[in-house]
Amino acid sequence: AHQQGITVLQKELAQLKLPDISGDHRVRHVGKVHYELSSLDLRSFDLPYSRISLVPNVGLQVSISNAFAEVDGDWRVKLRFIRDHGSFDLKVENIYIKISLKLGSDTSGKPTVDTSDCSTRISQVRVHFSGKFGWLYNIFHSVIESRFRKILEGKVCENVVSSVHSELQPYLQTLPVTARIDDMAGIDYSLVAPPTATAQSLDVDLKGEFFSLAHRSAVPFSPLALSFPPDHDCMVYFGASSYFFNTAGFAYHAAGALVFEITDSMIPKDIEFHLKTSTFSAFVPQLETMYPDMLMKLRLSTSSAPFLTIGPGGLSLKPVVDIQAYAILPNSSLAPLFLLSVVSNVSAVIDMKSSRIVGNLTVGRYGGGAVQEGGWGVRTLQSIMNILASSILLPRLNARLDQGFPLPLPDRIQLFNVLVQFHQNFLLLGADVRYQPR
């Protein structure tokens, strides 16, 4: 922020437009002199020493010291019947600028920034006039220098306020309030409060909530407070709570996305069984007589959104999956066979890729079938479900998770040196920041 901000500010200040200066001055033993300074050209404006510091509960303060500028221009003089003109060089040294930036948020939840205070102090202005009557100007150069100092001090702060509104504020507004994920869901990244400055960091609380595009409804659980570890090795940290991930499950469940149908044609060729009634007759014997050797369809769904937990060991969930089995009759209609509710142990690996949170799921053994625990039928069912999950269901889910979900970043920000840590109730992502200019 310091590097890019000062670069922009220096460029803006170097383009300052200075007004012509004119006036009358009475010189002792000489009389009233009318002078004009015109065609003022700011050749350079350099900011060699600057820093940005945090002001707790306010925002940021930009301090610039020992800045300097050079100005060229033309002068014109009128003394009684004498008229003359020439050029001048003006050097402005020891310029001190202090800018206070107040951070906030607007009604849409986007961050805002405003200049709450700006002061400029110039300690030295030196002007040299050339021309036939340059000596005359040099007599009252202090008047010229004083006027020029006041004009430049006002112009600098005027330019700073303008730059904050025209450059910094629009850039902060590129932080996304919402991100469309796919045809079913989006993420709400709006600020729930203005950014807070502390002595060590700038903290921004974002909603971090998935929602269904078709119908947005209230989330039936509350977010948990995050307690960040006292690390400051990375430039930026993102805390994604279990609330963030659970609203994803809630949104996709509400959108009907957590329903999967499996048919025999979807089973990979290298797996040595078919989705037929004969396969399941081991624990439902009557299938052989009622629907002999017929193809089947399985419809997997969850009666409620899956709820996950995050701890130091990682991310896990135990969804209850309803498996409705159908026989596909000769006329292509479906005959319901049985309904099983099974519990699965699912664990997730979370990482970052191109500023997106990506994931990969692994599924443990299914349990809780509809027949006596420990029987041959249960073991067969577990084997079948594990095969279907690992060969069909997981690849589809992981392909979607590998596309990832975008982090809320302003334009042209790239993350690198990423670290991923699991803490109680939240995932911590740390990274360094690289800014890509236009």
On a 0 to 90 degree scale, rounded to 10, what angle separates helix 242-254 from the longest Cα axis of the chain?
60
Once the other residues with Cβ under 13 Å from the Cβ of residue 337 are scored (Lys, Arg +1; Asp, Glu -1), what is the net sum?
+2
Dipole of the chain [Lys/Arg +1, Asp/Glu -1 at C-beta], most positive-end residue of 303, 407, 58
58
For a quick protection proxy, order the peptides 244-255, 274-285 by their average other-Cβ count within 10 Å, most packed first.
244-255, 274-285
Heavy atoms of the protein only, probe of 1.4 Å, neighbouring chains included. What is the accessible area of residue 165 in Å², nearest 10?
100
Need the list of aspartates and glutamates near residue 353 for cross-linking: C-alpha distance under 15 angstrom, and skip anything on the same chain fewer than eight residues off.
402, 432
Checking every Cys Cβ in the chain against the others at 4.7 Å leaves as unpaired 234
With everything on Cα atoms, drop me the angle between helix 394-403 and the longest principal axis of the chain, reported from 0 to 90° to the nearest 10.
0
Quick one: how many Å² of residue 266 are accessible to a 1.4 Å probe, rounded to 10?
70
In segment 1-173, lysine pairs with alpha-carbon atoms under 26 angstrom apart (chain gap of 8 or more, or interchain)
25
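Where does each of 204, 433 land when they are ordered by accessible area, with a 1.4 Å probe and the largest first?
204, 433
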Counting only heavy atoms of protein chains, what accessible area per residue, in Å², does segment 214-301 have with a probe of 1.4 Å?
56
What full-extension length gain, to one decimal in nm, is calculated for residue 435 and residue 307 as 0.36 nm per residue of separation minus the Cα-Cα distance?
42.4 nm
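Expressed as a rounded percentage, what relative contact order does segment 6-97 have, with Cα pairs under 8 Å and six or more residues apart?
Computed value for segment 6-97: 25 percent relative contact order.
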Could you compute how much accessible surface residue 157 exposes when probed at 1.4 Å, giving the result in Å² to the nearest 10?
20
Sequence-separation-based contact order of segment 1-173, relative, with Cα cut under 8 Å and 6+ spacing, percent
18
Angle, helix 376-388 long axis vs. longest principal axis of the chain, Cα atoms, 0 to 90°, nearest 10?
30
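In segment 57-98, what percent of the accessible surface is made up of carbon and sulfur (1.4 Å probe, ligands and nucleic acids excluded)?
Carbon-and-sulfur percentage of accessible area, whole number: 47.
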Work through the residues other than residue 252 whose Cβ is under 10 Å from its Cβ and net out their charges, Lys, Arg +1 and Asp, Glu -1.
0
Mind checking segment 219-318 for GluC sites (Glu not before Pro) that DSSP puts in a loop (not H, G, I, E or B) and that have at most 13 other Cβ atoms within 10 Å?
272
Rounded to one decimal in nm, the spacing of the 7 Å Cα→Cβ label points at residue 231 and residue 51 is 2.7
Scoring only Lys, Arg, Asp and Glu (+1, +1, -1, -1) among other residues with Cβ under 14 Å from the Cβ of residue 111 yields -2
Suppose all protein chains stay in the model; what accessible area per residue would a 1.4 Å probe give for segment 1-173, in Å²?
54
Run the dipole for segment 1-173 about the Cα centre, Lys and Arg Cβ at +1, Asp and Glu Cβ at -1, nothing else charged, and hand back the magnitude in debye, nearest 20.
680
Could you tell me which chymotrypsin sites (Phe, Trp or Tyr not before Pro) in segment 32-106 are loop residues by DSSP with no more than 12 other beta carbons within 10 angstrom of their beta carbon?
81
Which entry in [x] 35, 24, 21; [y] 75, 19, 16; [z] 32, 30, 21 is this structure's computed semi-axes √(5λ) of the Cα gyration tensor in Å?
[y]
With an 8 Å cut-off on Cα pairs and a minimum separation of 6 or more residues, tell me the relative contact order of the chain in percent.
10
Placing one identical point scatterer on every Cα of segment 1-173 and ignoring solvent, what is log10 I(q)/I(0) from the Debye formula at q = 0.17 Å⁻¹?
-0.98
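Grab the Cα-Cα distance for residue 96 and residue 355, subtract it from 0.36 nm times how many residues apart they are, and report the gain in nm with one decimal.
This chain segment gains 89.4 nm when fully extended.
The values are calculated or read from the model by the stated rules, or taken from the named source; none is laboratory data. The structure displayed is predicted, hence computed values, not measured ones. Here the Cβ is made from the backbone with ideal geometry for all residues, glycine too, and neighbour counts use every protein chain on show. Ligands, DNA and RNA are stripped out before the accessible areas are found, and what is left, the full protein with its side chains, is counted by its heavy atoms. Shrake-Rupley method; radii C 1.70, N 1.55, O 1.52, S 1.80 Å.
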